[in-house]
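Asks: Just passing along the structure, written as structure tokens.
The values are calculated or read from the model by the stated rules, or taken from the named source; none is laboratory data. Remember, predicted model here, so these are calculated numbers, not experimental data. Cβ coordinates were reconstructed from backbone atoms using ideal geometry, including for glycine residues, and neighbour counts include every protein chain displayed. The accessibility values were calculated without ligands, DNA or RNA, using every heavy atom of the protein model including side chains. Shrake-Rupley method; radii C 1.70, N 1.55, O 1.52, S 1.80 Å.
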Amino acid sequence: MARIAGVNIPTNKRVVIALQYIHGIGAKNAESIVKRVNIPLERRVNELTDAEVMQIRETIDREYQVEGDLRREVSMNVKRLMDLGCYRGLRHRRSLPVRGQRTHTNARTRKGPAKPIAGKRK
């Protein structure tokens with residue numbers, strides 16, 4: 001099992017798919033990494049040599065912000081919005097949708113399970 005950027009990537013998948021298990025690397029970035037290292041797109045992780053794994057690791061370390069650093073930056077951005085007290089920060093603070101979605105009927109994922117209104121009995 002190859003370990004890249006602190007993540008054990010699956011060995012029986014294609015390299016392009018396996019790299020997407022790393023937080024911060026999507027389909028486009030994974031494909032560009034594989035092309036930069038000159039690995040065929042159909043190659044699987046268990047067929048990689050140690051040198052190729054090292055090249056992938058070095059490319060990711062040099063050119064991409066992934067895993068812990070990326071998570072830290074995103075959480076700091078959210079915290080900054082909350083400290084500023086701007087609209088997006090208030091929505092984060094109240095655990096409501098941030099990007100303008102309606103909340104009258106939807107947004108159950110963000111708001112949690114529906115709570116019955118106390119005192120509304122017949």
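Asks: Determine whether region 73-82 contains at least one residue that is hydroxyl-bearing (S, T, Y), under 22 Å from N29 (Cβ atoms) and surrounded by 12 or more Cβ atoms within 10 Å (Cβ to Cβ).
Replies: For region 73-82, residues hydroxyl-bearing (S, T, Y), under 22 Å from N29 (Cβ atoms) and surrounded by 12 or more Cβ atoms within 10 Å (Cβ to Cβ): absent.
Asks: Looking at region 32-57, I want the residues that are touching a residue at least 24 places away in the same chain (Cβ under 8 Å) and under 8 Å from V15 (Cβ atoms) and have a partner that is hydroxyl-bearing (S, T, Y) and surrounded by fewer than 17 Cβ atoms within 10 Å (Cβ to Cβ) with Cβ atoms under 7 Å, at least 6 apart or on another chain. Which pairs are those?
Replies: Going by the 7 Å Cβ cut-off, the qualifying pairs are V45/T11.
Asks: Let me ask something else. Of all residues in region 90-119, which are of a type in the set (V, I, T) and open to solvent by less than 100 Å² (accessible area, probe 1.4 Å)?
Replies: The answer is V98, T103, T105.
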